[in-house]
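In what follows, a structure is listed as structure tokens, so that the remarks can point back to it.
The values are calculated or read from the model by the stated rules, or taken from the named source; none is laboratory data. The structure presented is a predicted model; accordingly, all values stated were derived computationally and were not measured. Every residue, glycine as well, gets a Cβ built from its backbone with ideal geometry; the counts of neighbours run over all protein chains shown.
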Amino acid sequence: MAASGFSPGAGRAPSPLINGGAGHERPAPATSRLLVNYQEPYRTQILDYLFKPNFGASLHILKVEIGGDGQSTDGTEPSHMHYENDENYFRGYEWWLMKEAKKRNPEIKLIGLPWTFPAWIGKGENWPYDYPDVTVYYIVSWILGAKQYHDLDIDYIGIWNERSFSSKYIKLLRYTLDKHGLQQVRIVASDRLWEPISFVLLLDPELHRVVDVIGAHYPGTETVPNAILTQKKLWSSEDFSTFNDEIGAGCWARILNQNYVNGNMTSTIAWNLVASYYEELPFGRCGLMTAQEPWSGHYRVEAPIWITAHTTQFTQPGWSYLQVDGHLEGGGSFVALTDGLGNLTIIIETMSHNHSQCIRPLLPHFNVSPQRATFYLKGSFYMLKTLQVWYSRLGFESVQSTLFQQLHPIKVWRGSFSLDLNVDEVYTLTTLKTGKKCLCSDPPPSQPFPSNYKDDFNIRNPPFSEAPNFADQTGVFEYFINTSDPGDHVFTLRQVVVQRPITWASDADQTISIIGNFNWENFTVTCDVYIEQPRDGGVFVAGRVDNGGIYVRSTKGVFFWVFADGTYRVTGDLAGEEILMKGLSGVRAHAWHTLTLNIQGTSAWGLLNGYPLWENVTVTKPSSGWAAIGTRSFELAQFDNFHVEAS
């Protein structure tokens, strides 16, 4: 999971801005999966819009998932340690993403947070805190590996996403970080709610000493008294999660300001960074921008990118919020920040209730009306003569959006200036002259997933461990070099997770990786398969697969299974409970076989090694869906020469 955000510093400065008539950062799990498959120059353009300073979103923070082999919302991310004696710091795409962010902005802050853990961490228990020394070793190894293999310095580390925390574990984590010379890595806890972590911090001086940031998820711009009393940095460490249309942009504009104005939060982190996963998975298009077509090169720079720029292009980590009452009389809010060196940035938002609702929590009703707001600058800012102006208005009904447009500077007279504010607007007023709205050439037009798609996995030095366009939903499918009597199958795709991980969501009991077009109705899937588990092993190819992500256990479709005991089965669901046909196949483990599944209208039939094995199975639901491959359980199995053709 990767995420993104803005964080200008923890502190508040004495207020030279008073009587105002007038917050900020961003995360993601398995949501950048398709981004790595984009070809140049489009991949570079997308990354520039996200990370390049004074270009687009110019993000200050990148929060990534520490892959744990388990489902974390829209898929699984591979662990750097599938097993206790296994270490590989080149799996997945998060290392690449962090390096690309750092390449564009060396000052960007990096956060790591686990959603799931490999099974060996819990030694058979679904709880990482039962063996805190093992879990700490695992997390610290990831931090050390980031530095050793990728020259990446991790700035912050989380505990366990939206799960209970263990004080003993957090203290041991701090001790171990310090022991390995990682004093600069700060701890965020607990990435859930304000309580009980705030309450416990007030009672436990040692825990209070080792926790640097209290991170809460979807706080609704509010905090709690105990969190304030801890005097810790307060972050909205996951927020937004809203469809990235104009209402999503309004949500983002409102909470970027009001998380500080109402809740003293100095960082807001958006889930998710970029909607680069199949849109029909959970929370489709809930990223700051959309890049879900690597096969065409098409992407979309959505409105939240430019709403982000209003803050991130004119502040930096280390800037301080000024202590002002940031509520506007006619509704809306403003924040003011300074670098302590004479620069000032003011961000104003007037988002209306119906045009700024986030996916969560419920937003109480409020009113915003057109207004004239007057600002009075005092102290060191009294002598300012002009402020640069950047403007956005979100379009609703007949109004067209205006996004991140530079206006004429505004004159300041004796520390005072006034603005006429309409509804659903964002202004940035700043002493900085570095802002820029960069526009790349238009990307190629949108195209559906290719109707005839093949992959033989014959890449000798793959840039990533996962095959393009496959999105693992349970289990992990990695490139593999077959050295034991491979025949024509030297380079394959292998499912490598052999124990159910410590889960965050309801992972299926079967492993599955999806690919293709969710709207496919009539198509043929062919794949060579190799069962490695001799007793109760099994594999499948599937079509019309209708679900994934956190809902993967309820996945329906047409599943063609073969098992190591020589039987086959056709089912209407991933769980294998809806049996449509079964019989003998003669398939055995440790031999390659070719499975072919045909679906046309309400009929399906299957071939084994090119010969009909079953036919005349009636399928009515689902009516469309992805293609998929997978295994009966958490087991080793290989796949090769995948081919899907839709008609």
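Looking at region 587-595, is at least one residue closer than 23 Å to Ser623 by Cα and part of a strand (DSSP E or B)? Yes, that holds for at least one residue. Given the criteria within 23 Å of Val324 (Cα to Cα) and surrounded by fewer than 24 Cβ atoms within 10 Å (Cβ to Cβ), does Gln231 qualify? Judged against the criteria, Gln231 is a match.
The set of residues in region 234-263 that are in a helix (DSSP H, G or I), charged (D, E, K, R) and either outside the structural domain of Ile307 (by TED's automatic domain parsing) or buried (at least 23 other Cβ atoms within 10 Å of the Cβ) (or both) contains only Arg254. Do we have any residue at all in region 123-139 that's of a type in the set (Gly, Ala, Ser), at negative phi and either crowded, with 16+ Cβ neighbours inside 10 Å or out of contact with any helix residue (DSSP H, G or I) (no Cβ under 9 Å at 6 or more places or on another chain) (or both)? For region 123-139, residues of a type in the set (Gly, Ala, Ser), at negative phi and either crowded, with 16+ Cβ neighbours inside 10 Å or out of contact with any helix residue (DSSP H, G or I) (no Cβ under 9 Å at 6 or more places or on another chain) (or both): absent. Here Asp455 fits the description: charged (D, E, K, R) and either out of contact with any Asp or Glu (no Cβ under 9 Å at 6 or more places or on another chain) or crowded, with 19+ Cβ neighbours inside 10 Å (or both). Can we say Glu65 is modelled with pLDDT of 95 or more and in a strand (DSSP E or B)? Judged against the criteria, Glu65 is a match. Among the residues making up region 526-545, those that are over 17 Å from Asp472 (Cβ atoms) and not small (Gly, Ala, Ser) are Thr526, Asp528, Tyr530, Ile531, Glu532, Gln533, Pro534, Arg535, Asp536, Arg544.
Being among the hydrophobic types (A, V, I, L, M, F, W, C) and over 28 Å from Trp127 (Cβ atoms), is that true of even one residue in region 505-512? No, region 505-512 contains no residue that is among the hydrophobic types (A, V, I, L, M, F, W, C) and over 28 Å from Trp127 (Cβ atoms). Report yes if some residue within region 96-117 is among the acidic types (Asp, Glu), surrounded by fewer than 16 Cβ atoms within 10 Å (Cβ to Cβ) and either farther than 30 Å from Thr44 by Cα or not assigned by TED's automatic domain parsing to the domain that holds Ser164 (or both); otherwise report no. Scanning region 96-117, I find no residue that is among the acidic types (Asp, Glu), surrounded by fewer than 16 Cβ atoms within 10 Å (Cβ to Cβ) and either farther than 30 Å from Thr44 by Cα or not assigned by TED's automatic domain parsing to the domain that holds Ser164 (or both), so the answer is no.
So, of the residues in region 153-165 that are in contact with a helix residue (DSSP H, G or I) (Cβ under 9 Å, 6 or more places away or on another chain) and buried (at least 19 other Cβ atoms within 10 Å of the Cβ), which turns out to be nearest to Trp96 (Cα to Cα)? Only one residue fits best here, namely Ile154. Going by the structure shown, is Gly56 among the small types (Gly, Ala, Ser), within 18 Å of Ala505 (Cα to Cα), part of a loop (DSSP other than H, G, I, E, B) and modelled with pLDDT of 95 or more? Against the criterion (among the small types (Gly, Ala, Ser), within 18 Å of Ala505 (Cα to Cα), part of a loop (DSSP other than H, G, I, E, B) and modelled with pLDDT of 95 or more), Gly56 does not qualify.
Note on region 175-200: residues that are closer than 18 Å to Trp235 by Cβ and of a type in the set (D, E, K, R) amount to 4. Listed by first and then second residue, the pairs linking a residue in region 319-334 that is under 19 Å from Lys378 (Cβ atoms) to a residue that is surrounded by fewer than 16 Cβ atoms within 10 Å (Cβ to Cβ) and of a type in the set (Lys, Arg), with Cβ atoms under 9 Å apart and 6 or more places separating them unless they lie on different chains, are Ser320/Arg12; Tyr321/Arg12; Leu322/Arg12; Gln323/Arg12. Scanning region 597-631 for residues that are in a strand (DSSP E or B) and at pLDDT below 95 gives a single hit, Asn616. Within region 418-443, the set of residues being surrounded by 12 or more Cβ atoms within 10 Å (Cβ to Cβ), out of contact with any Leu (no Cβ under 6 Å at 6 or more places or on another chain) and more than 24 Å from Asn343 (Cα to Cα) comprises Asn422, Val423, Cys440, Pro443. The residue list Pro462, Pro501 contains one member that is under 25 Å from the mean Cα position of the chain (by Cα) and either buried (at least 19 other Cβ atoms within 10 Å of the Cβ) or not assigned by TED's automatic domain parsing to the domain that holds Phe560 (or both), which is Pro501.
Total residues in region 542-575 satisfying the condition of being buried (at least 17 other Cβ atoms within 10 Å of the Cβ), out of contact with any His (no Cβ under 8 Å at 6 or more places or on another chain), not aromatic (Phe, Trp, Tyr) and not in a helix (DSSP H, G or I): the figure is 18. Scanning region 508-520 turns up at least one residue that is within 17 Å of Thr474 (Cα to Cα) and surrounded by fewer than 21 Cβ atoms within 10 Å (Cβ to Cβ).
Elements of the type strands (runs of 3 or more DSSP E) sitting completely within region 293-403 and holding at least 3 residues that are more than 20 Å from Ser416 (Cβ to Cβ) and in the same structural domain as Asp48 (by TED's automatic domain parsing): these cover 298-300.
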